[in-house]
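One structure below.
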Amino acid sequence: MSDKNNEKNQNTSSQRKDLTKNKGNVNGEEWWQKTKDFFSIAFMSTRGVIYTLLVVLLLVILFAGGLGAGYFASLVDDVKVPSKEELGKKINNIHGTSSLVYNNNNLISPVSSDLIRTKVDSKDISQNIKNAIISTEDENFNNHNGVVPKAILRATLGEVVGLGSSSGGSTITQQLIKQQILGDSPTFQRKASEFVYARAVEKDFSKDQILTDYLNVSPFGRNNKGQNIAGVQEAAKGIFGKNASEVNVPQAAFIAGLPQSPITYSPYAADASLKSPDNLSYGLERKDTVLFNMYRSGYINKKEYDEYKAYDLKKDFIPSSAPDTISHDYLYYTIIDEAVDHIYDYLIKEDKVSESDQKNDSTKEEYRKLALQKLQQGGYTVQSTVDQGIYNAMQTAVANFGGSLDDGTGQVQVGNVLMDNKTGAVLGFIGGRNYQENQNNHAFDTKRSPGSSIKPILAYAPAIDQGIIGSASRLSDYPATYSSGQPIMHVGDPGTNQMQTVQAALNASTNIPAYWLYQTMLKENKPSQPYMEKMGYKVEDYSIESLPIGGGIDQSVVQQTNGYQTLANHGEYQKQHVVQKISDDSGKVIYEWKSNPTKVFSKATASIMNELLRGPIRSKETTKFIDYLSSANPNLVSSIDWTGKTGTSEDYTDAWLLLSSPTVTLGGWIGHDDNTPLGSGTGVVNQANYMANLVTAINNSKAGIFGDGQKFELDPSVTKSTVLTSTGEKPGKVEGGPITITLSGETTTSHWATSEGAPITQYRFAIGGSDANYADAWSKIVNFNGYSNRNNR
C-alpha cells in the first residue's frame, strides 16, 4: 500500500513537473515573439527615420549645392581676369635684389634683405625637383586644368554652411596665383578669384612655365648662413652647395618637402647653425614622405625608394657659414630712409588709404614696415642725386684733412652737405669722420644750435623782405640785456657802443643788432615764422629772445644748407632730396622727383642778401677760409663768387660755416657728440682750413662745380636809395627827437626790397637802442658833420 502510494505520489509529482515544463515553454515562446515584434517595429521605425533623414539630407545637399553653385557663380561673374600679357607680367613678376645707384646709374650697393632669391630658367632646374614637387604638392598637376573640382565643391559647401572657405589641397597653379597675384586673404571671394585665375593661367601658359615660376617664387626656409631663402636655386646652393640642376633624388625630395613648413623643415637655425638631431629629424622625415609620394606616383621604383630612403642625407648639408657682410655707410642708410618715405606714399596712394586711416599710428607703422619690405624684396632701382665723383672726393677729403679739425678737445666730428642751388639735390655729403667708429650721421640726423648762421635766414632776410631795413641801414650795438636782465654778449663783448651798419653787423656777426632786429619784427607784427616754415624749419617757440642768435633752435646741416640754397636760388626753396627716381624691375617708375619750388623771399631780397653775405667770407673777420683757400687753390678765390656766414653756439659747442656760390651751397658743422666745447679758435681757423681743402677736393673731382666766372647779380626789382652813410636813411630834415636839423653829408647807396626805399632820416634812425644810445649816436654824427652845439632848420 505504501509502495502504491509512493508510486502514485511520484506520478503526481512527475505530472506536476511536466505541467510546469509545458507552462514554461509557452511563456518563453510568447517572450521571444514579443521581443521579435519589438525589434521589428523598432527597426521599421528607425528605417523610416533613416530614410527620411537621408531624403532630407539629400535635399539639403541638392539645395546647398544649387545655392552654392549659384553663390559661386555670382562670385565668379564679378572676377575680371587680366589679359594674357598682364597675367604673364604678374605671375612672372619674381623680383630680384633692389639696388641703390649714383646719379650716373653706377651701383652704390644692393639693398640688404632678409630674403635671398635667385630666379632661374626651367632648364636650370633638375627634373628630380620637378617630379618631387608634383608628386607631393599636386599629383594631378599634369592632367588638371588648374583646379580640382572636389576642391571647388568642398570650398563652396564650406562657405555656404558656415565652415569657412579654407579647403586645402590647392593646386600648384592656385598656389602660384596666391603668392603672385591675389595674396593670402582668407575670404571666399579671393578663393573664387583664385579658381578663375587658375583656369586662365592654365589656358594661356604651359605647365612647365607654371611649375618653373612656382619653384622660383616659393619659400624654402633658411640657408647655411641663416638667411631666409626663396626659389629652388637658393635652396640647392644654400643647403647642398649645388645648383638646382645638379641635385640628386634624395636632395630633391628634401627640397620639395620644404615649402609646406619652410622654417620647421629647414636644416639650419636662424643663427646659421645646423639644427640638433631631434629638430633635424622633422625635415628628414618629410623627405621620406616625399620619396614615398614619388614612388606612389611612379617617378621611382620600389628598389630606388628603399635605396633613397636609406641615403644618409645629413652628410650633404654644407657647413654653417657667416653671412656675406656688405659694408654700409652713411650714404646707404640716408638713401634708404628717403626711399622708404617715397614707397610709403606710393603704397598709400595705390591702396587708396583714407586720410583718417593715414592718421592712425598703427596704420602708418604697418605701411612703413611694408614699404621697407617692398624696398628690400621688390627688385627696385633707387637712383640717387649723389654724384659719384664728388661723393668719393668728399670722403677722401675728410679722411685726409679731418685731422686738421682736432684742437686738443678730443676728436672733432664733422657734417657737410653739398647741394645744387636750382633743385635742392644733394650732390654729396659727409656724415662723419669714420662710419665704422661713429654711426651718427652728422649731416642729416644730428641737430644742433646753428649759432649766428641762423641770422641771415631768420632775421635779416625776412626784415629786408618786409621793408624794415635796407642794405645800408643801421642797427644798435650798444650794450643791451634780455628781459631777464642778462647781458647780451658777443665773444665776451657787451657791445661796440655804436649804431652798426647791416654789413658790419653781418661781417663781425655781432649779436645785439640781430636781437634788436628780431624784436622789431615781432613788435611790428612782421614775423619770420612764415618764411621759416616755407623752408622746412621747425621752431617750437618764436618768442624766445635769443632765437635770432641760435638760442632755442636746433637744426641739421642739411636743413641749414637748404636755407642758404633758398637765398642762392633767387629766394626759391627747393626741398633737399637724395632720391631722384625709383623704378621697379619692370622699368615702371613709381617715383620721380619733380621741381616744386616754393617762393620764400622776393628776388630783390635774395639778391640783396647775397650782396651782403659776401662780406662775412671776404672780410675774414669770423673765418680765415679765404686765406686757406688762397693757399690750396688761388684760382678758386678769384673765379668763384663766394657768399656765406659763420656761426658759433654758446660756449663754443658748435661751429658752422655755410658757403654758397651761384651754382651750389656747401654747409658745414663741427663739434662733439657729447656737447663739450671746442677751442675758441677752432671754427675761425681749423674749420676754415678743413673747408678750404674740402672745396678744393670737390672742385678737383668736378671742375666748374662752383660756377667759375658766374656772379650773384643784383635783381632789377631792387630799389636803390641814396642815403647818408651816418644814418642809412635819406638826407633831410630830422624829426621825431629833441634836435631839429637838416642833415646832409657823405652818402652811399642802400638797396631795398620794397618800392618805397629808404625813409628820410629820423631821430631814431637805427633799429633798437635806448634814448641814451641815440643821444650818444647823435653827438657823434653832429660833431662829425660840424653841427655841434647848434640846431638847424
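The values are calculated or read from the model by the stated rules, or taken from the named source; none is laboratory data. The structure displayed is predicted, hence computed values, not measured ones. Positions of Cβ are generated from backbone atoms using ideal geometry, with glycine treated the same way; all protein chains shown enter the neighbour counts.
Listed values, structure above:
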item: Strands (runs of 3 or more DSSP E) wholly inside the range 699-772 containing at least 1 residues that are among the small types (Gly, Ala, Ser) and over 54 Å from the mean Cα position of the chain (by Cα); result: 730-735
item: From the options ASP357, ASP312, ASP337, residue that is charged (D, E, K, R) and closer than 30 Å to LEU427 by Cβ; result: ASP337
item: Sole exception among (1) of a type outside the set (Val, Ile, Thr); (2) touching a residue at least 60 places away in the same chain (Cβ under 8 Å); (3) not in a loop (DSSP other than H, G, I, E, B) for ALA505, by number; result: (2)
item: Qualifying residue in the range 426-447 (condition: over 24 Å from THR653 (Cβ atoms) and among the aliphatic types (A, V, I, L, M)); result: yes
item: Top-ranked residue of the range 337-358 - restricted to ones that are hydroxyl-bearing (Ser, Thr, Tyr) and without any contact (Cβ under 8 Å) to a residue 24 or more places away in the chain, ranked as surrounded by the most Cβ atoms within 10 Å (Cβ to Cβ); result: SER354
item: Residues within the range 665-704 that are crowded, with 24+ Cβ neighbours inside 10 Å and closer than 18 Å to THR385 by Cα, tallied; result: 4
item: Among (1) free of Cβ contacts under 8 Å to residues at least 12 places away in the same chain; (2) β-branched (Val, Ile, Thr); (3) within 30 Å of SER98 (Cβ to Cβ) - the single one ILE544 does not satisfy; result: (3)
item: Top-ranked residue in the range 623-641 [being more than 27 Å from ASP715 (Cα to Cα) and within 39 Å of the chain's Cα centre (by Cα); ranked as surrounded by the most Cβ atoms within 10 Å (Cβ to Cβ)]; result: PHE625
item: Pairs, first farther than 14 Å from GLY410 by Cα in the range 673-685, second of a type in the set (Val, Ile, Thr) and in a loop (DSSP other than H, G, I, E, B), C-beta under 7 Å, six or more apart; result: VAL684/THR622; VAL684/THR623
item: Odd one out for TYR482 among (1) buried (at least 19 other Cβ atoms within 10 Å of the Cβ); (2) aromatic (Phe, Trp, Tyr); (3) not assigned by TED's automatic domain parsing to the domain that holds ILE608; result: (1)
item: Count - residues of the range 647-698 that are closer than 11 Å to ASP407 by Cβ, of a type in the set (Ser, Thr, Tyr) and assigned to a loop (DSSP other than H, G, I, E, B); result: 1
item: Number of the exception - GLU650 against (1) modelled with pLDDT under 95; (2) more than 20 Å from ALA514 (Cβ to Cβ); (3) touching a Ser or Thr at 6+ places or on another chain (Cβ under 8 Å); result: (2)
item: Number of the exception - THR156 against (1) surrounded by fewer than 19 Cβ atoms within 10 Å (Cβ to Cβ); (2) over 30 Å from GLY587 (Cβ atoms); (3) at pLDDT below 95; (4) among the polar types (S, T, N, Q); result: (1)
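Yes/no matrix, rows are residues, columns are (1) modelled with pLDDT of 90 or more; (2) surrounded by 15 or more Cβ atoms within 10 Å (Cβ to Cβ):
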{"position": "ILE335", "(1), (2)": "yes, yes"}
{"position": "ASN360", "(1), (2)": "no, no"}
{"position": "SER384", "(1), (2)": "yes, yes"}
{"position": "THR396", "(1), (2)": "yes, no"}
